[in-house]
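*Asks:* Once you've had a glance at the structure underneath, I'll fire off some questions.
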Amino acid sequence: MTEKILKDLIVIASSTILITLAIWIPHIFRMNFYNLNFSNGFDGIYRNFDGLEYIIIAKSFYNPEIIKQLPQHLPVEYYAAHFPGFALFILLFAPLLGFLKSMLFVSLLFTVLSAIAFYFLVKDFKLTLHPLYLSLIFLILPARWLIVHSVGSAEPMFIFFLIATIYFFMKFEENHKPLFLYASGIFGFLTQFTRPPGILIFVAFILYLLWKLIFKEKELFFKKLFKLVLTYFPLLLIPFSLLLVFYWYHLIFNDFFAYFHSGDNIHLSFPPFQVFNKNQFWVGEIWLEDIVYILLLTIFGSLLLIKQKLFPIAFFTLTYILATVFVAHRDISRYILPVFPFMLIAFEKVLVSKEFKIALLLISLGIYLYAQNFLIENIAPVSNIGALN
């Protein structure tokens, strides 16, 4: 590792910590800032959805009898919608920090790691001449990501594992060293073990390989297919991870498909674009124009990735967006967060321009206020939070 790379990594880690502290400080000191009410104090950070639910899992391992004894307001089957990866890491650091601080520490740790993984992705594949700058942009855009990685949430861990999965897959495609494919499979396993949409990276890889099989190779189809299966079998670790979680549910809930029976928490609907139906339970309003722009931006960005010949990334983003159009939830910006790191790559030429830097500077206070306004309202109704520590 060169001295420059080491300095860049220190800047990324330091910037992550400073940005997080900038979000936390008004809550710590219960400040009166910009007419926003921080009277909940730092408990408001602890109680932001959905971190406490993972603490419940860390304390109970999904055991319904233990869950019923903990201060929470949800039916036990609801927790099957939350995969165990984040909870297990909370448990790992809890003996040292307590569960609440461990929850925030794990989020912060994996935010740093996800930014570093993004840095190596754009640097090693020469996707930008400004890997440090783009990695710092990664920490604050989209604004919904700034919120998510400032509280207890599984997304930072999920996004780190996802970027690592794609990074090592692309490394294998570049030089065909099997070790890289095994690394991709292992990180894919962890991606799936962290959040349910992890299976989409496996679907995307399958679609990419089928596309390559049909349009790129020159051998007979069945000979190519046999070779493909032999070569890429480490990727089967991803669906194996899903089966492992479901088997865990079978042991605990006596229901292999408990995830699908976890209540109104999956939000998939047919036909697509039901997010634009006010009567959907998790929509409930007509002011939805921002979702149009989010979908337009990410689809356009995916097409730019194809134009840039970044096919593994483009297949993932398109697969994820296609799945997202079946999600009927107002908070679509959170559901589509795993796509956004790759949108930074797609729009790199715009993001490094002087004009964009000026625009970002002008809107930076707005991003900060948006994050704080969201955080002080997105509070779980748990009164005795100390009992979860």
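*Asks:* Quick one: count up the residues across region 256-301 that are in contact (Cβ under 8 Å) with a residue 12 or more places away in the chain and assigned to a loop (DSSP other than H, G, I, E, B).
*Replies:* 18
*Asks:* Identify the residue in region 302-325 that is assigned to a loop (DSSP other than H, G, I, E, B) and more than 18 Å from the chain's Cα centre (by Cα) and, among all such residues, is surrounded by the most Cβ atoms within 10 Å (Cβ to Cβ).
*Replies:* Leu310
*Asks:* With region 1-64 as the region, which helices (runs of 4 or more DSSP H) entirely inside it contain at least 3 residues that are surrounded by 13 or more Cβ atoms within 10 Å (Cβ to Cβ), of a type in the set (Ser, Thr, Tyr) and at pLDDT 95 or above?
*Replies:* Numbers: elements: 3-28, 43-46, 51-60.
By residue number, 3-28.
*Asks:* Collect the residues in region 126-156 that are more than 27 Å from Leu369 (Cβ to Cβ) and touching a residue at least 60 places away in the same chain (Cβ under 8 Å), keeping them in residue-number order.
*Replies:* Correct list: Leu127, Thr128, Leu129, His130, Pro131.
*Asks:* Right, Thr111: under 18 Å from Ala371 (Cβ atoms), modelled with pLDDT of 95 or more, in a helix (DSSP H, G or I) and among the β-branched types (Val, Ile, Thr) or not? If you could, list the steps in order and put the result at the bottom.
*Replies:* Details: under 18 Å from Ala371 (Cβ atoms): yes; modelled with pLDDT of 95 or more: yes; in a helix (DSSP H, G or I): yes; among the β-branched types (Val, Ile, Thr): yes.
Judged against the criteria, Thr111 is a match.
*Asks:* Test Phe222 against the criterion of being part of a loop (DSSP other than H, G, I, E, B) and either at pLDDT below 95 or buried (at least 16 other Cβ atoms within 10 Å of the Cβ) (or both), and give yes or no.
*Replies:* On the way: part of a loop (DSSP other than H, G, I, E, B): no; either at pLDDT below 95 or buried (at least 16 other Cβ atoms within 10 Å of the Cβ) (or both): yes.
For Phe222, the condition - part of a loop (DSSP other than H, G, I, E, B) and either at pLDDT below 95 or buried (at least 16 other Cβ atoms within 10 Å of the Cβ) (or both) - is not met.
*Asks:* With respect to Ser107, determine if the residue is out of contact with any Phe, Trp or Tyr (no Cβ under 7 Å at 6 or more places or on another chain), under 18 Å from Tyr335 (Cα atoms) and among the hydroxyl-bearing types (Ser, Thr, Tyr). Working first, answer last.
*Replies:* Working: out of contact with any Phe, Trp or Tyr (no Cβ under 7 Å at 6 or more places or on another chain): yes; under 18 Å from Tyr335 (Cα atoms): yes; among the hydroxyl-bearing types (Ser, Thr, Tyr): yes.
Yes: the conditions hold for Ser107.
*Asks:* Could you tell me which residue of region 343-359 is nearest to Ala371 (Cα to Cα), considering only residues that are hydrophobic (A, V, I, L, M, F, W, C), free of Cβ contacts under 8 Å to residues at least 60 places away in the same chain and part of a helix (DSSP H, G or I)? Talk me through it step by step, then tell me what you get.
*Replies:* Going residue by residue through region 343-359, those that are hydrophobic (A, V, I, L, M, F, W, C) are 343-347, 350-352, 356, 358-359.
From what's left, free of Cβ contacts under 8 Å to residues at least 60 places away in the same chain: 343, 346-347, 350, 356, 358-359.
From the residues that got through so far, the ones that are part of a helix (DSSP H, G or I) too are 343, 346, 350, 356, 358-359.
Details: Met343: 21, Ala346: 25, Val350: 24, Phe356: 21, Ile358: 20, Ala359: 18 Å.
Top of the filtered list is Ala359.
*Asks:* Something else about it: Answer yes or no as to whether Leu132 is in contact with a helix residue (DSSP H, G or I) (Cβ under 7 Å, 6 or more places away or on another chain) and either more than 30 Å from Phe99 (Cα to Cα) or modelled with pLDDT of 95 or more (or both).
*Replies:* yes
*Asks:* Checking Phe193 against (1) in contact with a Pro (Cβ under 8 Å, 6 or more places away or on another chain); (2) closer than 18 Å to Pro341 by Cα, only one condition comes out false. Which one?
*Replies:* Answer for Phe193: the failing condition is (2).
*Asks:* Could you run through region 326-368 and say how many residues are exposed (fewer than 15 other Cβ atoms within 10 Å of the Cβ) and of a type in the set (A, V, I, L, M)?
*Replies:* Of the residues in that region, 8 qualify.
*Asks:* State whether the residues of region 307-326 include one that is on the phi < 0 side of the Ramachandran plot and either touching a His at 6+ places or on another chain (Cβ under 9 Å) or acidic (Asp, Glu) (or both).
*Replies:* As a first pass, look at region 307-326 and keep what is on the phi < 0 side of the Ramachandran plot: 307-308, 310-326.
Restricting the remaining residues to those that are either touching a His at 6+ places or on another chain (Cβ under 9 Å) or acidic (Asp, Glu) (or both) gives 326.
Yes: one or more hits.
*Asks:* Determine whether Tyr182 is in contact (Cβ under 8 Å) with a residue 12 or more places away in the chain and out of contact with any Phe, Trp or Tyr (no Cβ under 9 Å at 6 or more places or on another chain). Show your work before the answer.
*Replies:* Working: in contact (Cβ under 8 Å) with a residue 12 or more places away in the chain: yes; out of contact with any Phe, Trp or Tyr (no Cβ under 9 Å at 6 or more places or on another chain): no.
Answer is no for this residue.
*Asks:* Still on this structure, I have one more. Which one of the conditions (1) in contact with a His (Cβ under 6 Å, 6 or more places away or on another chain); (2) more than 30 Å from Tyr182 (Cβ to Cβ) does Phe256 fail to meet, given that it meets all the rest?
*Replies:* So the condition that Phe256 fails would be (2).
*Asks:* Tally time: how many residues in region 65-97 are buried (at least 22 other Cβ atoms within 10 Å of the Cβ) and of a type in the set (Val, Ile, Thr)?
*Replies:* Residues flagged as buried (at least 22 other Cβ atoms within 10 Å of the Cβ) and of a type in the set (Val, Ile, Thr) within region 65-97 amount to 1.
*Asks:* Continuing with this model, one more query. Quick check on region 139-192: of everything there that is among the polar types (S, T, N, Q) and part of a helix (DSSP H, G or I), which residue is surrounded by the fewest Cβ atoms within 10 Å (Cβ to Cβ)?
*Replies:* Taking region 139-192 and keeping what is among the polar types (S, T, N, Q), we get 150, 153, 165, 175, 184, 191-192.
Still in the list and also part of a helix (DSSP H, G or I): 165, 175, 184, 191-192.
Working: Thr165: 29, Asn175: 7, Ser184: 28, Thr191: 30, Gln192: 30.
Ranking the qualifying residues of region 139-192, first place goes to Asn175.
*Asks:* For Gly41, all conditions in the list (1) on the phi < 0 side of the Ramachandran plot; (2) without any contact (Cβ under 8 Å) to a residue 60 or more places away in the chain; (3) among the small types (Gly, Ala, Ser) hold save one; what is the number of the exception?
*Replies:* It is condition (1) that Gly41 fails.
*Asks:* Further question: Between Phe215, Phe233, which is out of contact with any His (no Cβ under 7 Å at 6 or more places or on another chain), under 24 Å from Leu179 (Cβ atoms) and surrounded by fewer than 16 Cβ atoms within 10 Å (Cβ to Cβ)?
*Replies:* On the way: Phe215 fails: under 24 Å from Leu179 (Cβ atoms).
Residue meeting the stated conditions: Phe233.
The values are calculated or read from the model by the stated rules, or taken from the named source; none is laboratory data. Given the structure is predicted, the values throughout are model-derived calculations rather than measurements. A quick note on method: Cβ atoms are made from the backbone with ideal geometry, for glycine too, and the neighbour counts reach across all protein chains shown.
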